[in-house]
Amino acid sequence: MSRAQAESVIKNIIREVAQECAGKGQSVSETLVAFMVKAVVLDPRNQFNVDRTLTNNDVRNLIELCVDRLLDQESPALDTIKMQVYFDMNYTSRRELLEEHQRVLRSRLAAVSREITESRVKDREELDILYRKIVSYMLLRSGVGSPTDINTVREATAALQSVFPQSEMGTFMSLLRKDKEQQLNELSMIVLGIRLFNRDSGKGGEGIDDLPSVLKEAISTTRSHILSELKASSFLASQQTTLLEWLHDPVDGPSNFFIPKPLLNQALYNVRQHEAFLNIILADAGLCEMQVEALQANLRTQMKELRATVEFKTAIPTAQVFPHFTALAKTWAGLQDEVVLLGVLGNMVANLRPFLATQARLLPKEQLEVLLEDLVVKSDEQRMNESSGSPIDPTQFEKAEWLFPKTTANFDKLSLQFNGICGFMLVEKDGFLLPGNPHIGILKHREKYYIFSSKEAACGFASKPDEYIARVAEIAKKAPELIHLLELHQQFASVTPYSESGERLMVKPVVKCDSCTQTDTHLVEANIVRSYEWNEWELRRKAIKLANLRRKLTHSVQTDLSHMRRDNVTQTYPSKDVSCQSKTEGQSNVPKPQVYLAGLRGGGLKPTHMVKTNLTRAVDE
C-alpha cells in the first residue's frame, strides 16, 4: 500500500470513529480520534500487526475499540488524553500567542482601515466624516478608550489635530493605499503617546485605565489562583502516591482492594499531568511578572525623558518629540499584551480543572481521607529529603557514569528522561509513578540522563538500563497517556499529539575534576618559513615595493657591436584601384495637349452645336 493510500485509509477510519461517537451523543475532535487510533494500534493487547495491510475485519475491530475507549466515561486515562490534547492545541509560546492576538486585532480593524484608505471624498462634509473615522480607528487600534464616549473622542481629536490637522487631508488622500495604512499606524502611536503624556501630567487621559496597577493586581490574583490549584493537585498526587505505596507493600498492604491498581495508576497519571501543566503555566506567569516590572521601569524612564524634552518650551521640533511619543505608546502596548497573556493563562487554568472529574468520582476526597487515616502522607519534597542522605557510590559501577551536584556544572538544567520519574519503580511496580531524586546521582547512559527514587532503584536500573528502558516503552504502549507525561516523543513519534515547535535545548553537563598533563618540548622539529606569504595581494605589494617603478626611468645604450645586428621586417599592403558608381541622370517628357473647340458662337433661334477636336501628338512622334 502506498503512502497516499495509507493516509486515505487512516482518514476514513478517523472520520467513521468521529461519526459513530457523534451518533452516540459524544462529540470528539479529529486530533483526539487520530491519537486514539494510533494508540489502539500500538497496544500489544489488541494484536494489530503494523507491518501488514489491515483487512476489513481489522478496520472494523479498530473502529469499535476506538469508539469504546472514547465513550468510556469512567476512564481517568481518557480524561488525561483529553487534557493533553487540549493543552497541546491551546498552549503556545509568548511570541506566537501575541502574534495571533495582533493578527486577530488587524482582521477586526481591516474593514475600518479599508473604508478609510479606499474613501473618495467629494466635498467638505465627506472630508469631516472621514476625519472622524480616522479618530475612531485610532481609538480602536490603541485599545484605550471607547469611540462612543464623547469626552474620549474629543481628547483624541484634539491630539490628532495637533499632529495631523484637517488641512493635510488632501495630501493624505493623494497617497497610495499602503502609505495610507502606514501613516495611520504611525499617527495612532503618536496620538496614544500624547494622551498618555497628558494623563501623566494631569491634563487629560479620558478613558485610560491605570494599567500598571491593574496588571499588578491581575498578576497577584493569577499567581494566587495557580498556586492554589497547584497546591491542591500536588497534595492529591501525594495522597494517591501514598495509597499506591501501601497497596504495593507486600507486608502491610491489603491482598484485595475494591479499586483495581491499574485504575488507581490512571488516576495518578491524571493528577500528575495536571500538576505538570500547572507548573508550566506558573512559570509563564512568573515571566509575565518580570516583563511587567521591566515595562513599568521603561514607562517611568520614558515619561521622565519626555517631560524633560517638552518642559518650559513653547515650540519643539517634531523630530525630537515624536519618537518619545511613539516609544511611550509601544511600552503601553507591551503592558496591554501582558494583560492578554495573563487572561489566556487564567482561562487555561480554569479549563484544565474539568479534566480531573473522572478520577475524583473514582476515589472521592472523603473516601481517600478515610483510607489514609493510618498512613503518613509524604510530599515529593519529603521523600527527596529522606533519600538524599544515601547517594550512589560510583565506584561500584565500572561502566556506568554518574553525575553529582558537587562535581557537575549545569546540574539543575539537565534534561532528565521520563520527566524526572523513576524508571525502575515504573517497571517493577507495574506503572507506578514515583518522582526521582537527582541528589542520589544521575545516571548518564547513551547521552541521556536518568534519576531514581532510591539508591536500590538506581543500582537495579544501572545493572541493565537498556532492558528497563525497553520495558518502560512497553508500559507506555498499554497506557498511551504516559507518552506525553513521560515525554517519550522520540520513541513514539508517530503517536504523540504533542507538536514541538523546536527541538529542546540539551544542556550538557560539565564534570569538574583535577587533572594534569605533561608533554615533551618540541616533539617535532619546527620547519617554519617566516617569509612565506599566502596572500597574493600581499606578494604583489612586496613586489611593487621592491621594484619601486614610480621613480625609475628606462635607459637604452647602443654600442658599435650591437649596431645593425637586428633584422627589421615591415610588411605593407599595395594600394588598390577602387571605383564606385553614382546614380544616373534620368528625364521624362509628357505630350503637349492641343484641343480645339468649334461652334461656340451661336446666334438667333438655332441651337448651338459645339465640335471638340483633339490634335495632341504623342511624345515620340
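Pull up the range 425-462, narrow it to residues that are at negative phi and of a type in the set (D, E), then point me to the one that is least open to solvent (accessible area, probe 1.4 Å).
Of the range 425-462, the ones at negative phi are 425-429, 432-440, 442-445, 448-462.
From what is left, the residues that are of a type in the set (D, E) are 428, 456.
Values: E428: 85, E456: 129 Å².
Result: E428.
Being of a type outside the set (D, E), under 20 Å from E181 (Cβ atoms) and not in a helix (DSSP H, G or I), is that true of even one residue in the range 43-50? Give the derivation first.
Initial filter on the range 43-50 (of a type outside the set (D, E)): 44-50.
With the extra rule that they be under 20 Å from E181 (Cβ atoms), the set shrinks to none.
Taking every residue of the range 43-50 in turn, none turns out to be of a type outside the set (D, E), under 20 Å from E181 (Cβ atoms) and not in a helix (DSSP H, G or I).
Of the residues in the range 232-284, how many are in a loop (DSSP other than H, G, I, E, B), of a type outside the set (V, I, T) and open to solvent by 60 Å² or more (accessible area, probe 1.4 Å)? Break it down into steps so the answer makes sense when it comes.
Quick first cut of the range 232-284, residues in a loop (DSSP other than H, G, I, E, B) only: 249-260.
Now drop any that are not of a type outside the set (V, I, T), which leaves 249-250, 252-258, 260.
Then drop every residue that is not open to solvent by 60 Å² or more (accessible area, probe 1.4 Å), which leaves 250, 252, 255-256, 258, 260.
Going through the range 232-284 one residue at a time, the tally reaches 6.
Working only within the range 1-53, note down all residues that are of a type outside the set (A, V, I, L, M, F, W, C) and over 34 Å from the mean Cα position of the chain (by Cα). Reasoning before the result, please.
Quick first cut of the range 1-53, residues of a type outside the set (A, V, I, L, M, F, W, C) only: 2-3, 5, 7-8, 11-12, 15-16, 19-20, 23-27, 29-31, 38, 43-47, 49, 51-53.
Of everything in the range 1-53, those that are of a type outside the set (A, V, I, L, M, F, W, C) and over 34 Å from the mean Cα position of the chain (by Cα) turn out to be E20, G23, K24, G25, P44, R45, N46, Q47, N49, D51, R52, T53.
When the range 367-400 is examined, which residues are found to be touching a residue at least 40 places away in the same chain (Cβ under 8 Å), part of a loop (DSSP other than H, G, I, E, B) and out of contact with any Gly (no Cβ under 6 Å at 6 or more places or on another chain)?
Answer for the range 367-400, where residues must be touching a residue at least 40 places away in the same chain (Cβ under 8 Å), part of a loop (DSSP other than H, G, I, E, B) and out of contact with any Gly (no Cβ under 6 Å at 6 or more places or on another chain): L372, L375, V376, V377, K378, S379, S388, S390, F397, A400.
Return the only residue of T318, T326 being more than 35 Å from the chain's Cα centre (by Cα), closer than 30 Å to Q102 by Cα and in contact (Cβ under 8 Å) with a residue 24 or more places away in the chain.
Values: T326 fails: more than 35 Å from the chain's Cα centre (by Cα).
Result: T318 is the single residue among T318, T326 that is more than 35 Å from the chain's Cα centre (by Cα), closer than 30 Å to Q102 by Cα and in contact (Cβ under 8 Å) with a residue 24 or more places away in the chain.
Per-residue answers, yes or no, for (1) under 18 Å from L264 (Cβ atoms); (2) open to solvent by 70 Å² or more (accessible area, probe 1.4 Å); (3) touching a His at 6+ places or on another chain (Cβ under 8 Å):
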residue: E369; (1), (2), (3): yes, yes, no
residue: E373; (1), (2), (3): yes, yes, no
residue: S379; (1), (2), (3): no, no, no
residue: P391; (1), (2), (3): no, no, yes
residue: T395; (1), (2), (3): no, yes, no
residue: E398; (1), (2), (3): no, yes, no
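Identify, by number, the condition in (1) within 33 Å of the chain's Cα centre (by Cα); (2) touching a residue at least 60 places away in the same chain (Cβ under 8 Å) that A111 doesn't meet.
(2)
Every residue in the range 195-211 that is surrounded by fewer than 16 Cβ atoms within 10 Å (Cβ to Cβ) and of a type outside the set (S, T, N, Q), please.
First, the residues of the range 195-211 that are surrounded by fewer than 16 Cβ atoms within 10 Å (Cβ to Cβ): 201-203, 209-210.
Matches in the range 195-211: G202, K203, D209, D210.
Mind checking whether some residue in the range 18-27 is in a loop (DSSP other than H, G, I, E, B), charged (D, E, K, R) and open to solvent by 70 Å² or more (accessible area, probe 1.4 Å)?
Taking the range 18-27 and keeping what is in a loop (DSSP other than H, G, I, E, B), we get 24-27.
Now restrict to residues that are charged (D, E, K, R): 24.
Within this subset, residues satisfying the condition of being open to solvent by 70 Å² or more (accessible area, probe 1.4 Å) are 24.
Scanning the range 18-27 turns up at least one residue that is in a loop (DSSP other than H, G, I, E, B), charged (D, E, K, R) and open to solvent by 70 Å² or more (accessible area, probe 1.4 Å).
Select, from E186, E206, the only residue that is closer than 23 Å to L306 by Cα, among the charged types (D, E, K, R) and under 28 Å from the mean Cα position of the chain (by Cα). Before you say what the answer is, go through the steps one by one.
Details: E206 fails: under 28 Å from the mean Cα position of the chain (by Cα).
Answer to the check: E186.
Taking the range 463-488 as the region of interest, how many residues are acidic (D, E) and either within 20 Å of A237 (Cβ to Cβ) or open to solvent by less than 50 Å² (accessible area, probe 1.4 Å) (or both)? Working first, answer last.
Applying the first criterion (acidic (D, E)) to the range 463-488 yields 466-467, 474, 481, 487.
From the residues that got through so far, the ones that are either within 20 Å of A237 (Cβ to Cβ) or open to solvent by less than 50 Å² (accessible area, probe 1.4 Å) (or both) too are 481, 487.
Total meeting the criteria: 2.
Can you pull out every residue in the range 343-367 that is over 16 Å from T242 (Cα atoms), open to solvent by 40 Å² or more (accessible area, probe 1.4 Å) and of a type outside the set (A, V, I, L, M, F, W, C)?
N347, N351, R353, P354, R361
Pairs under 6 Å by beta carbon, first residue within 16 Å of N12 (Cβ to Cβ) in the range 40-63, partner loosely packed, with under 13 Cβ neighbours inside 10 Å, six or more apart or different chains?
Qualifying pairs under 6 Å: T53/M1.
List pairs: first in the range 581-602 and over 19 Å from N614 (Cβ atoms) and in a loop (DSSP other than H, G, I, E, B), second open to solvent by less than 100 Å² (accessible area, probe 1.4 Å) and at pLDDT below 80, Cβ under 7 Å, 6+ apart or cross-chain?
Matching pairs, first to second residue: G602/T608.
Return the pairs, sorted by first residue and then second, in which the second residue is loosely packed, with under 10 Cβ neighbours inside 10 Å, the first residue lies in the range 168-180 and is among the polar types (S, T, N, Q), the beta carbons are less than 8 Å apart, and the residues are 6+ apart or on different chains.
none
If a residue has to be modelled with pLDDT under 90, crowded, with 17+ Cβ neighbours inside 10 Å and over 20 Å from K330 (Cα atoms) to count, how many in the range 131-151 make the cut?
The total comes to 1.
For the range 23-57, how many residues are at pLDDT 85 or above and either within 20 Å of P480 (Cα to Cα) or not polar (S, T, N, Q) (or both)?
Final tally of qualifying residues: 22.
The values are calculated or read from the model by the stated rules, or taken from the named source; none is laboratory data. Owing to the predicted nature of the structure, the values given are computational and were not obtained by experimental measurement. Glycine also receives a Cβ, built like all others from the backbone with ideal geometry; neighbour counts cover every protein chain displayed. Side chains included, ligands, DNA and RNA excluded: accessible areas come from the protein's heavy atoms. Shrake-Rupley method; radii C 1.70, N 1.55, O 1.52, S 1.80 Å.
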